[in-house]
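Colleague: Got a structure here, written out as C-alpha coordinates. Questions coming.
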Amino acid sequence: MTATPAAVSSARFSAQIRSQALQTRIMELILERGLDVGDALPTESELSAELGVGRNTVRESLKVLQALGVIEIRHGFGMFVAPNNFSALVSGLTFRGRLSLRHKGEEAMELIDVRQALESGLVGSAIDLLTDEHLADLRAAMQAMEDAAAKGESLVEHDAEFHRRLYAPLNNELLINLMDVFWQVYRQIHEALGSGPVNLEEQARIHWEIYEAVEARDKALASERLQRHFDGIRLKLKDVAAA
(Lines give C-alpha, C1' and ligand atoms only; values in the text may rest on other atoms or scores of the structure.)
Protein backbone atom coordinates (compact mmCIF):
# COMPACT_ATOMS: atom_id res chain seq x y z
CA MET A 1 0.00 0.00 0.00
CA THR A 2 1.42 3.37 -1.06
CA ALA A 3 1.70 6.00 1.66
CA THR A 4 -0.29 9.17 1.11
CA PRO A 5 1.57 12.50 0.65
CA ALA A 6 0.19 13.65 4.03
CA ALA A 7 1.55 10.52 5.74
CA VAL A 8 4.98 10.96 4.11
CA SER A 9 5.06 14.61 5.14
CA SER A 10 4.08 13.74 8.72
CA ALA A 11 6.78 11.05 8.91
CA ARG A 12 9.44 13.45 7.67
CA PHE A 13 8.34 16.08 10.18
CA SER A 14 8.51 13.54 13.02
CA ALA A 15 11.98 12.42 11.91
CA GLN A 16 13.13 16.04 11.86
CA ILE A 17 11.81 16.61 15.39
CA ARG A 18 13.61 13.49 16.64
CA SER A 19 16.83 14.55 14.94
CA GLN A 20 16.69 18.03 16.51
CA ALA A 21 16.00 16.50 19.91
CA LEU A 22 19.07 14.26 19.55
CA GLN A 23 21.25 17.21 18.55
CA THR A 24 20.05 19.09 21.62
CA ARG A 25 20.77 16.08 23.82
CA ILE A 26 24.34 15.81 22.50
CA MET A 27 24.93 19.50 23.23
CA GLU A 28 23.52 19.04 26.73
CA LEU A 29 25.85 16.08 27.24
CA ILE A 30 28.83 18.28 26.30
CA LEU A 31 27.77 20.81 28.93
CA GLU A 32 26.96 18.19 31.56
CA ARG A 33 30.42 16.67 31.24
CA GLY A 34 32.11 20.05 31.50
CA LEU A 35 33.75 19.74 28.10
CA ASP A 36 35.37 22.86 26.68
CA VAL A 37 36.78 23.97 23.33
CA GLY A 38 39.22 21.38 22.04
CA ASP A 39 38.07 18.61 24.40
CA ALA A 40 37.29 15.21 22.90
CA LEU A 41 33.72 13.90 22.74
CA PRO A 42 32.76 10.28 23.39
CA THR A 43 33.01 8.03 20.34
CA GLU A 44 30.03 7.32 18.09
CA SER A 45 29.67 3.89 19.73
CA GLU A 46 29.71 5.41 23.22
CA LEU A 47 27.17 8.07 22.26
CA SER A 48 24.96 5.46 20.62
CA ALA A 49 24.95 3.32 23.78
CA GLU A 50 24.44 6.25 26.15
CA LEU A 51 21.67 7.89 24.13
CA GLY A 52 19.93 4.68 23.14
CA VAL A 53 19.92 5.26 19.38
CA GLY A 54 21.65 3.67 16.41
CA ARG A 55 25.12 4.71 15.28
CA ASN A 56 23.83 5.93 11.91
CA THR A 57 21.34 8.19 13.67
CA VAL A 58 24.10 9.55 15.92
CA ARG A 59 26.37 10.06 12.93
CA GLU A 60 23.77 12.14 11.07
CA SER A 61 23.21 14.36 14.11
CA LEU A 62 26.95 14.83 14.55
CA LYS A 63 27.23 15.96 10.91
CA VAL A 64 24.58 18.59 11.56
CA LEU A 65 26.37 19.78 14.71
CA GLN A 66 29.59 20.02 12.73
CA ALA A 67 27.85 22.17 10.11
CA LEU A 68 26.53 24.39 12.91
CA GLY A 69 30.06 24.82 14.29
CA VAL A 70 29.32 23.04 17.58
CA ILE A 71 31.74 20.16 17.09
CA GLU A 72 34.75 19.46 14.92
CA ILE A 73 35.25 16.04 13.35
CA ARG A 74 38.89 15.17 12.68
CA HIS A 75 39.00 11.97 10.68
CA GLY A 76 41.35 9.47 12.27
CA PHE A 77 41.46 11.43 15.54
CA GLY A 78 37.91 11.76 16.80
CA MET A 79 35.37 14.47 17.58
CA PHE A 80 36.06 17.62 19.55
CA VAL A 81 34.24 20.66 20.85
CA ALA A 82 34.77 23.26 18.13
CA PRO A 83 36.23 26.73 18.65
CA ASN A 84 34.13 29.79 17.89
CA ASN A 85 33.12 29.58 14.26
CA PHE A 86 30.59 31.91 12.68
CA SER A 87 30.96 30.66 9.09
CA ALA A 88 27.63 28.81 9.17
CA LEU A 89 25.88 31.98 10.34
CA VAL A 90 27.54 34.00 7.56
CA SER A 91 26.47 31.47 4.92
CA GLY A 92 22.88 31.28 6.14
CA LEU A 93 22.36 35.03 6.47
CA THR A 94 24.04 35.76 3.14
CA PHE A 95 21.87 33.18 1.38
CA ARG A 96 18.68 34.60 2.87
CA GLY A 97 19.69 38.17 2.10
CA ARG A 98 20.64 37.45 -1.51
CA LEU A 99 17.58 35.26 -2.06
CA SER A 100 15.36 38.14 -0.92
CA LEU A 101 16.84 40.32 -3.70
CA ARG A 102 14.77 38.26 -6.16
CA HIS A 103 11.64 39.66 -4.52
CA LYS A 104 11.46 42.88 -2.49
CA GLY A 105 14.79 42.64 -0.67
CA GLU A 106 13.07 42.77 2.72
CA GLU A 107 15.41 40.34 4.50
CA ALA A 108 18.44 42.10 3.05
CA MET A 109 17.11 45.41 4.38
CA GLU A 110 16.53 43.83 7.80
CA LEU A 111 20.16 42.67 7.89
CA ILE A 112 21.30 46.20 7.07
CA ASP A 113 19.00 47.52 9.82
CA VAL A 114 20.61 45.20 12.37
CA ARG A 115 24.15 46.13 11.42
CA GLN A 116 23.29 49.84 11.41
CA ALA A 117 21.63 49.61 14.82
CA LEU A 118 24.56 47.64 16.22
CA GLU A 119 27.18 50.13 15.08
CA SER A 120 25.38 53.42 15.64
CA GLY A 121 24.04 52.23 18.99
CA LEU A 122 27.39 51.13 20.41
CA VAL A 123 29.70 53.84 19.11
CA GLY A 124 28.92 56.03 22.15
CA SER A 125 30.06 53.28 24.52
CA ALA A 126 33.21 52.81 22.44
CA ILE A 127 33.94 56.54 22.67
CA ASP A 128 33.55 56.42 26.46
CA LEU A 129 36.38 53.85 26.63
CA LEU A 130 38.52 55.38 23.89
CA THR A 131 42.19 55.85 24.78
CA ASP A 132 44.89 57.77 22.91
CA GLU A 133 46.28 54.41 21.79
CA HIS A 134 42.91 53.32 20.40
CA LEU A 135 42.60 56.61 18.57
CA ALA A 136 46.10 56.25 17.10
CA ASP A 137 45.22 52.74 15.87
CA LEU A 138 42.01 54.03 14.31
CA ARG A 139 43.86 56.88 12.59
CA ALA A 140 46.45 54.42 11.25
CA ALA A 141 43.66 52.32 9.75
CA MET A 142 42.15 55.44 8.25
CA GLN A 143 45.50 56.52 6.77
CA ALA A 144 45.98 53.07 5.22
CA MET A 145 42.50 53.37 3.67
CA GLU A 146 43.30 56.79 2.22
CA ASP A 147 46.61 55.53 0.78
CA ALA A 148 44.83 52.59 -0.85
CA ALA A 149 42.19 54.91 -2.31
CA ALA A 150 44.91 57.13 -3.80
CA LYS A 151 46.39 54.05 -5.51
CA GLY A 152 43.01 52.94 -6.83
CA GLU A 153 43.07 49.79 -4.69
CA SER A 154 40.08 48.03 -3.14
CA LEU A 155 39.05 49.42 0.25
CA VAL A 156 37.13 46.34 1.39
CA GLU A 157 39.67 45.06 3.92
CA HIS A 158 40.63 48.57 5.06
CA ASP A 159 36.95 49.36 5.64
CA ALA A 160 36.48 46.20 7.72
CA GLU A 161 39.62 46.94 9.75
CA PHE A 162 38.46 50.50 10.45
CA HIS A 163 35.20 49.21 11.94
CA ARG A 164 37.01 46.56 14.01
CA ARG A 165 39.33 49.17 15.52
CA LEU A 166 36.44 51.57 16.07
CA TYR A 167 34.86 49.12 18.54
CA ALA A 168 38.10 47.68 19.94
CA PRO A 169 37.76 49.82 23.14
CA LEU A 170 34.75 47.70 24.16
CA ASN A 171 37.02 44.62 24.40
CA ASN A 172 34.09 42.39 23.44
CA GLU A 173 35.18 39.45 21.31
CA LEU A 174 31.62 38.30 20.63
CA LEU A 175 30.69 41.75 19.37
CA ILE A 176 33.68 41.85 17.02
CA ASN A 177 32.80 38.38 15.71
CA LEU A 178 29.18 39.40 15.12
CA MET A 179 30.28 42.58 13.41
CA ASP A 180 32.53 40.53 11.14
CA VAL A 181 29.54 38.31 10.35
CA PHE A 182 27.37 41.28 9.41
CA TRP A 183 30.26 42.86 7.54
CA GLN A 184 30.73 39.80 5.33
CA VAL A 185 26.99 39.50 4.74
CA TYR A 186 26.79 43.25 3.99
CA ARG A 187 29.61 43.07 1.44
CA GLN A 188 28.13 40.10 -0.40
CA ILE A 189 24.69 41.70 -0.59
CA HIS A 190 26.31 44.93 -1.79
CA GLU A 191 28.18 43.03 -4.52
CA ALA A 192 25.05 41.10 -5.52
CA LEU A 193 23.23 44.40 -6.03
CA GLY A 194 25.85 45.47 -8.57
CA SER A 195 27.49 48.58 -7.20
CA GLY A 196 29.01 49.80 -10.47
CA PRO A 197 32.09 52.06 -10.41
CA VAL A 198 33.23 52.75 -6.85
CA ASN A 199 34.25 56.26 -5.80
CA LEU A 200 37.18 55.35 -3.58
CA GLU A 201 37.90 58.91 -2.50
CA GLU A 202 34.27 59.37 -1.45
CA GLN A 203 34.41 56.17 0.61
CA ALA A 204 37.57 57.35 2.35
CA ARG A 205 36.04 60.78 3.00
CA ILE A 206 32.96 59.24 4.67
CA HIS A 207 35.20 57.27 7.01
CA TRP A 208 37.34 60.32 7.77
CA GLU A 209 34.16 62.12 8.85
CA ILE A 210 33.31 59.25 11.21
CA TYR A 211 36.87 59.34 12.56
CA GLU A 212 36.72 63.11 13.15
CA ALA A 213 33.48 62.77 15.14
CA VAL A 214 35.04 60.01 17.25
CA GLU A 215 38.22 62.02 17.78
CA ALA A 216 36.08 64.94 19.00
CA ARG A 217 34.27 62.51 21.35
CA ASP A 218 31.00 63.69 19.79
CA LYS A 219 28.76 60.67 20.35
CA ALA A 220 25.66 62.05 18.65
CA LEU A 221 27.57 63.11 15.53
CA ALA A 222 29.48 59.83 15.33
CA SER A 223 26.21 57.87 15.57
CA GLU A 224 24.58 60.05 12.90
CA ARG A 225 27.51 59.66 10.52
CA LEU A 226 27.59 55.89 11.02
CA GLN A 227 23.90 55.76 10.14
CA ARG A 228 24.51 57.77 6.97
CA HIS A 229 27.26 55.29 6.08
CA PHE A 230 24.48 52.89 5.02
CA ASP A 231 22.49 55.32 2.86
CA GLY A 232 23.94 54.03 -0.42
CA ILE A 233 22.96 50.40 0.02
CA ARG A 234 19.57 51.41 1.42
CA LEU A 235 18.80 53.34 -1.78
CA LYS A 236 19.78 50.32 -3.89
CA LEU A 237 17.54 48.04 -1.83
CA LYS A 238 14.64 50.51 -2.21
CA ASP A 239 15.14 50.30 -5.98
CA VAL A 240 14.87 46.50 -5.71
CA ALA A 241 11.65 46.83 -3.73
CA ALA A 242 10.20 49.26 -6.29
CA ALA A 243 11.07 47.03 -9.28
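Colleague: Would you mind pulling out the separation of the Cα centroids of segment 76-94 and segment 142-200, in Å?
Modeller: Cα centroid to Cα centroid, the span is 23 Å.
Colleague: If you don't mind, there's one more thing I want to ask. Please give the direction-averaged projected area of the C-alpha convex hull for segment 165-225, in square nanometres with one decimal. Intermediate results must be reported in sequence, preceding the final value.
Modeller: On the way: hull surface 20.0 nm².
For segment 165-225, the mean projected area of the Cα convex hull comes to 5.0 nm².
Colleague: Per-residue ellipticity at 222 nm for the chain, helices alone: DSSP H runs ≥ 4 residues times -39500 (n - 2.57), over residue total, nearest 500 deg cm²/dmol? Write down the numbers at each step before the final one.
Modeller: Numbers: 11 runs with 175 residues, N = 243.
Value at 222 nm, helices only, nearest 500: -24000 deg cm²/dmol.
Colleague: Whole number in Å², please: accessible area per residue of the chain, 1.4 Å probe, ligands, DNA and RNA not counted.
Modeller: On the way: 13990 Å² over 243 residues.
Per residue, the chain has 58 Å² of solvent-accessible surface.
Colleague: Okay, next question. Stretch Ile176-Ile73 to full length: gain in nm at 0.36 nm per residue minus the Cα-Cα span?
Modeller: Numbers: separation 103, 0.36 × 103 = 37.08 nm, distance 2.61 nm.
Length gained, Ile176 through Ile73: 34.5 nm.
Colleague: While we're on this one: Can you find, among Ser125, Ile26, Val81, the residue farthest towards the positive end of the dipole of segment 15-145? Put +1 on the C-beta of Lys and Arg, -1 on that of Asp and Glu.
Modeller: It is Ile26, whose Cα lies furthest towards the positive end.
Colleague: A further question follows. Determine the dipole magnitude for the chain: charges of +1 sit on the beta-carbon of Lys and Arg, -1 on that of Asp and Glu, nothing else is charged, the reference point is the Cα centre, and the result goes in debye to the nearest 20.
Modeller: 1240 debye
Colleague: Counting only protein heavy atoms and using a 1.4 Å probe, what share of the accessible area of segment 7-137 belongs to carbon plus sulfur, as a whole percent? Working shown, then result.
Modeller: Details: 4220 of 7880 Å².
C and S atoms contribute 54 percent here.
Colleague: Roughly how tilted is helix 156-166, in degrees to the nearest 10 and between 0 and 90, from the longest Cα axis of the chain?
Modeller: Here the helix axis deviates by roughly 90 degrees.
Colleague: With unit charges on the beta carbons (Lys and Arg positive, Asp and Glu negative) and the dipole taken about the Cα centre of the chain, which residue among Gly92, Ile112, Leu166 sits farthest to the positive side?
Modeller: My answer, from the dipole projection, is Gly92.
The values are calculated or read from the model by the stated rules, or taken from the named source; none is laboratory data. What you see is a predicted model; the values in this text were computed from it and never measured. Every residue, glycine among them, receives a Cβ derived from its backbone with ideal geometry; neighbour counts consider all protein chains shown. All accessible areas refer to the heavy atoms of the entire protein, side chains included, with ligands and DNA or RNA removed. Shrake-Rupley method; radii C 1.70, N 1.55, O 1.52, S 1.80 Å.
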